[in-house]
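Pasting a structure below so you can have a look.
Bear in mind that the values in this text are calculations on the coordinates, not laboratory data. Predicted model only: the values in this text are computed from it and were never measured. No Cβ is skipped: glycine too gets one built from the backbone with ideal geometry, and neighbour counts run over all protein chains shown.
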Amino acid sequence: MPKYLILKHYRGTPATVNDVPMDQWAPEEVDAHMQFMTDFGTRLEESGEYVDAQALSPEGAWVRADDQRQPATDGPFAETKDLIAGWYVVDVDGWDRAVELAGELSLAPGKDGKPIHEWLEVRPFYGAPSATGD
Amino acid sequence: MAHPFDGASLRPLVPAVIGVLVRRGADFATAEDAVQEALVEAWRTFGAPGSVDRAEPPRDLKGWLVTVAWRRFLDVVRSETARQRRELAVELEPEPGPTGTADDTLQVFFLCAHPALTPTSAVALTLRAVAGLTTRQVAEAYLVPEATMAQRISRAKRTVAGEPFDTLGDLATVRRVLYLVFNEGYSGDVDLAAEAIRLTRQLAALAGPDGQDPETAGLLALMLLHHARRPARRRDDGTLVPLADQDRSQWDTALIEEGVAVLQAALARQRRGEYQLQAAVAALHADAPSAAETDWVQVVQWYDELLALTGSPVVRLNRAVAVGEADGPRAGLAALAEVDPDVPRHRAAAAYLHERAGDRDTAARLYAEAAELAINLPERTHLTREAARLNRAAR
């Protein structure tokens, strides 16, 4: 079965429909959103499609080696347009199912309990060469 | 039917059995492997569930483990010596004599927390060779692949391979490792906090009966008092409940009583250290029927002493929050002004004190900033929720 990465972004996606920062929601709406995410993970486990889920802190930095071969940092990422918030890795029948799951995730409730219609990025993993693919 | 055999009951014997093997001349790394194999064999022989012909466990399980592990060790050495075309094995038969002492067990603690090891390696080696967990259990507890953990443990064993086994190490390094294990909490099927408590209990007994080593007793008390609050620290949905909002009837009173008793015996020795002082703060919280009824003046006094001892910026931050409770939020904010703003949770503390001082707008902004800086997701959610609560009140 192919694996897909469903990426959530803090920022860098096209505008969402219900685009209000979380600290402007009601506390119960924050709870409802978090519960939705937990339930989504649970459903993936129950359907046998879950591989991994991780959330990233928005903190961090760019790193590269300088001329003295020492690591040099730049950042934090304040100016970067794109900031990844986390991901699900799913192992599913194919692209259509991955898109279906990302669609479910996009409907996570936001302000006033209405769906956020968040943009999720779905990316196929390169798998190992198949036994019959030569 | 045989009485139920609990594999976990063997694990407290592990460091002592390794100690015996090393005392008899085995190298630590091979001895440790041999003891792990003996554990598996014990489980197969006495504990395999559903096995009709499993044997009754012997009365002297430690003796049994020593015998089996020593046999395993000899097998390894013999196959190696055979490879090297030497005939030394006969010299490796154990001499009759003592079957290990408390000091040998303590040596295993020291070796696994050796200063040459990184904290990550020391934690992994301690969980295997002192706690007797399998590599798979350690890997699951730290959410890394088993092969990664196996590699980490074998590298750690190589690092301490040449270390002498008879010079006593520093108990402080062992305490630090156990504290790290405790703080990791729990995931997978191993409760690391409970495991850390068990090992600290063992260490305290080895370091001297009746609290002769007050700092190890202080660490044990600190763990017990924090562990007692665990049932109240999370809601069913995994969200955090701050100390002030916890349902204190859910605190484990037996653990609190034990923690307080251990701490009092330690403090009576008049050799204070940072774990005793942290435990003293925890004991004051445990003693209070509510956050408001906490003896905050005394909490500040313990933090003063802790700060004088450690100079830690984290202690300075916690002290500022306590000052806010003892002398009012303005005093707390003044104390907070002395704290490095890069200390974790600085924004969250500032938000809390500003709200108490009546400046809800500033508090809401700081809570939202604090959420961005949170070090885990439940904390991030909690801080976002606090910001949301204040923002709603402002509308």
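Just tell me how shielded A:46-59 is by partners: mean number of partner chain Cβ atoms within 10 Å of each residue's Cβ, no decimals. Mind dumping the intermediate values first?
Details: counts 0, 0, 0, 0, 0, 0, 0, 0, 2, 4, 1, 7, 5, 4.
Rounded to a whole number, the mean comes out at 2.
So, one more: What's the FRET efficiency of B:I375 with A:A131 using the Cβ-Cβ distance as r and R₀ = 35 Å, to the nearest 0.05? Each step should come with its number before you reach the end.
Numbers: r = 45 Å, r/R0 = 1.28.
With R0 = 35 Å, the Cβ-Cβ based efficiency is 0.20.
Same structure, new question: Starting from the Cα coordinates of the protein assembly as shown, work out the convex hull volume and express it per residue in Å³. Please report the intermediate quantities before stating the final value.
Values: hull volume 129.6 nm³, N = 529.
Considering the Cα atoms of the protein assembly as shown, their hull volume per residue is 245 Å³.
For the protein assembly as shown, what number of Lys pairs, 8 or more residues apart or on separate chains, have alpha-carbon atoms under 29 Å from each other?
Details: A:K3/A:K81; A:K8/A:K81; A:K8/A:K111; A:K8/A:K114; A:K81/A:K111; A:K81/A:K114; B:K62/B:K157.
Taking the protein assembly as shown as the scope, the lysine pair count is 7.
Moving on. About the Cα centre, and with charges only on the beta carbon of Lys, Arg (+1) and Asp, Glu (-1), how big is the dipole of the protein assembly as shown? Nearest 20 debye, please. Don't skip to the end; give the middle numbers.
Working: 56 positive and 79 negative charges, 147 e Å.
It comes to approximately 700 debye.
Label-point separation (nm) for A:D39 and B:T118, each offset 7 Å from Cα along Cα-to-Cβ?
Simple spin-label model gives 4.2 nm for this pair.
Quick one: Debye curve from the alpha-carbon atoms of the stretch B:160-319 only, equal weights, vacuum; give me log10 I(q)/I(0) at q = 0.17, 0.19 Å⁻¹ to two decimals.
Here the Debye-derived log intensity ratios amount to -1.08, -1.32.
How large is Rg/Rh for chain B, to two decimals, with Cα atoms and a Kirkwood Rh?
1.05
Follow-up question, since we're still on this one. Let me check against my output: what whole-number percent is the relative contact order of chain B, with C-alpha pairs under 8 Å and at least 6 apart? Present the calculation step by step, with values, prior to reporting the outcome.
Details: 534 pairs, mean separation 38.5, N = 395.
Dividing the mean separation by the residue count of chain B yields 10 percent.
Mind checking the alpha-carbon convex hull of the stretch B:101-189 and giving the volume per residue in Å³?
On the way: hull volume 7.7 nm³, N = 89.
Hull volume normalised by residue count: 87 Å³.
Per-residue HN-Hα couplings for the stretch B:289-305, Karplus 6.51 cos²θ - 1.76 cosθ + 1.60 at θ = phi - 60°, whole Hz, x for Gly and Pro?
Listing the rounded values in order: x, 8, 4, 5, 8, 5, 7, 5, 4, 6, 4, 4, 4, 5, 5, 4, 5 Hz.
As a test of the definition: which semi-axes, in Å, follow for the stretch A:1-43 when you take the square root of five times each eigenvalue of its alpha carbon gyration tensor? Largest first, please. The partial results should precede the final answer.
Working: eigenvalues 106, 61, 9 Å².
Taking √(5λ) for each eigenvalue gives 23, 17, 7 Å, largest first.
Could you tally the net charge around B:L373, taking each other residue with its Cβ under 10 Å from the Cβ of B:L373, Lys/Arg +1 and Asp/Glu -1? Display every interim value, and only then the final one.
Values: positive: B:R345, B:R347, B:R380; negative: A:E59, B:D342, B:E369, B:E372, B:E379.
Net local charge, B:L373 excluded: -2.
Let me ask another. Just order B:191-203, A:14-26 by mean Cβ neighbour count inside 10 Å, highest at the front, would you? Numbers along the way, then the final one.
Values: B:191-203: 21.1, A:14-26: 14.8.
Sorting B:191-203, A:14-26 by mean packing, highest first, produces B:191-203, A:14-26.
Right, another one. Given contacts defined as C-alpha pairs under 8 Å and at least six residues apart, what's the relative contact order of chain A, whole-number percent?
Relative contact order, chain A: 46 percent.
Related question: Modelled label-to-label distance, B:D60 and B:E163, 7 Å Cα→beta-carbon offset: nm?
Placing both labels 7 Å along Cα→Cβ, they lie 3.1 nm apart.
Give me P(r) over the stretch A:3-124, computed from all C-alpha to C-alpha distances, binned every 10 Å, as integer percentages.
So the P(r) values, bin by bin, are 12, 37, 31, 14, 5, 0.
Using only Cα atoms, locate the centre of the stretch B:211-228 and the centre of the stretch A:85-121, then give the distance between them in Å, rounded to an integer.
46
Cα atoms only, the stretch B:161-200: Rg and Dmax in Å?
Cα radius of gyration and Dmax of the stretch B:161-200 are 12.9, 36 Å respectively.
Using the Cβ atoms and a cut-off under 12 Å, what net charge is assigned to the surroundings of A:A98, where Lys and Arg are +1 and Asp and Glu are -1? Could you put the intermediate results ahead of the total?
Working: positive: A:K3, A:R97, A:R123; negative: A:E49, A:D91, A:D93, A:D96, A:E100, A:E104, A:E121.
Surrounding charge for A:A98 is -4.
Along the Cα→Cβ direction, 7 angstrom out, place labels at B:D327 and A:D66. What is the inter-label distance in nm?
Result: 4.3 nm between the two label points.
Under 5 Å between amide hydrogens, which residues at least 5 positions from A:G86 or on another chain qualify, with H placed 1.01 Å from N in the peptide plane?
A:K8, A:L56
How charged is the neighbourhood of B:F165? Take every other residue with its Cβ under 15 Å from the Cβ of B:F165, and add Lys/Arg as +1 and Asp/Glu as -1. Spell out each step's value before the answer.
Working: positive: B:R23, B:R24, B:K157; negative: B:D27, B:E32, B:D103, B:D104, B:E163, B:D166.
Result for the neighbourhood of B:F165: -3.
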